[in-house]
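Presented below is the structure to which this report refers.
The values are calculated or read from the model by the stated rules, or taken from the named source; none is laboratory data. Fair warning: this is a prediction, and the values are worked out from it, not measured in the lab. Methodologically, a virtual Cβ is constructed for each residue, glycine included, from the backbone with ideal geometry; neighbour enumeration extends over all protein chains shown. Calculation scope for accessible area: heavy atoms of the full protein, side chains included, ligands and nucleic acids excluded. Shrake-Rupley method; radii C 1.70, N 1.55, O 1.52, S 1.80 Å.
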Amino acid sequence: GISVRSANDSASLISPVFRGVLRSELKVRGAKTSVSREPFVTLQLEIEASRSLDGALAAFFGAETVALGAGVVGKKTFRIESLPSVMVICLKRFAYSAENAMGQKVGHHVRFPMEMEIPQHFLHARGAAAMKYRLFSVVTHHGRDIASGHYTCDVLRNVKDDMNQLVPQWYFCDDSKVSAVSERDVLERPAYMLMYASKSA
């Protein structure tokens, strides 16, 4: 059997654009499968053990062993039940532990692509088509620790070239300073947040 719980989600003007739905399943031998459905606007990924976005996504959607007490263990998995038009991904750069309650920054570079595909096996619906996304914004935290630092943003925009044709151009935004940068510059950022737009939107 399956027991299903759903979190309440209040609609807003941005919900249709940024909102997705995550489905978690907890399976315990001899018991009903517990299913929870939760809306999300940001997919938060652990990166301490990952050096790429693909690796962080694989870890997030992989089966996790959960200790439930009295020697009982279960397997917990996440799948996406509903994909957003804009996928916002947070690479969790700030880590906390019992030994370090103030937290520390996870500073290593995490590779990420200009184009990302959410594969079918990350989706709940059988036969669902993989979704392709295009990167359009990167937020970076500059600084050595959690308590201080500075945020900048790279954003993609279509501009007209010498032939009056629209071409994509990246811009680096640092407070009031805005400058054109290359795609390579963007891919080298130690990104904190990544924003991808569906190519079918």
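If we scan the range 22-40, do we find a residue that is assigned to a strand (DSSP E or B), modelled with pLDDT under 90, over 13 Å from the mean Cα position of the chain (by Cα) and not hydroxyl-bearing (Ser, Thr, Tyr)?
Scanning the range 22-40 turns up no residue that is assigned to a strand (DSSP E or B), modelled with pLDDT under 90, over 13 Å from the mean Cα position of the chain (by Cα) and not hydroxyl-bearing (Ser, Thr, Tyr).
Could you please find all residues in the range 41-62 being assigned to a helix (DSSP H, G or I), within 25 Å of Val17 (Cβ to Cβ) and open to solvent by less than 70 Å² (accessible area, probe 1.4 Å)? Talk me through it step by step, then tell me what you get.
First, pick out the residues of the range 41-62 that are assigned to a helix (DSSP H, G or I): 53-61.
Filter again for within 25 Å of Val17 (Cβ to Cβ), leaving 53-54, 56-57, 60-61.
Of everything in the range 41-62, those that are assigned to a helix (DSSP H, G or I), within 25 Å of Val17 (Cβ to Cβ) and open to solvent by less than 70 Å² (accessible area, probe 1.4 Å) turn out to be Leu53, Ala56, Leu57, Phe60, Phe61.
Among the residues that make up the range 63-80, is at least one of them buried (at least 18 other Cβ atoms within 10 Å of the Cβ) and under 20 Å from Met195 (Cα atoms)?
So far as the range 63-80 goes, yes, one or more of its residues are buried (at least 18 other Cβ atoms within 10 Å of the Cβ) and under 20 Å from Met195 (Cα atoms).
Take the conditions among the aromatic types (Phe, Trp, Tyr), open to solvent by 20 Å² or more (accessible area, probe 1.4 Å) and at pLDDT 85 or above and apply them to Phe94. Does it pass?
On the way: among the aromatic types (Phe, Trp, Tyr): yes; open to solvent by 20 Å² or more (accessible area, probe 1.4 Å): yes; at pLDDT 85 or above: yes.
Spelling it out, Phe94 is indeed among the aromatic types (Phe, Trp, Tyr), open to solvent by 20 Å² or more (accessible area, probe 1.4 Å) and at pLDDT 85 or above.
What is the number of the single condition among (1) touching a helix residue (DSSP H, G or I) at 6+ places or on another chain (Cβ under 6 Å); (2) without any contact (Cβ under 8 Å) to a residue 40 or more places away in the chain that Phe78 does not meet?
Only one criterion is unmet by Phe78, namely (2).
Would you check if Met87 is closer than 28 Å to Pro168 by Cα, open to solvent by less than 60 Å² (accessible area, probe 1.4 Å), touching a Ser or Thr at 6+ places or on another chain (Cβ under 9 Å) and modelled with pLDDT of 95 or more? Explain how you work it out, then say what you get.
On the way: closer than 28 Å to Pro168 by Cα: yes; open to solvent by less than 60 Å² (accessible area, probe 1.4 Å): yes; touching a Ser or Thr at 6+ places or on another chain (Cβ under 9 Å): yes; modelled with pLDDT of 95 or more: yes.
Answer is yes for this residue.
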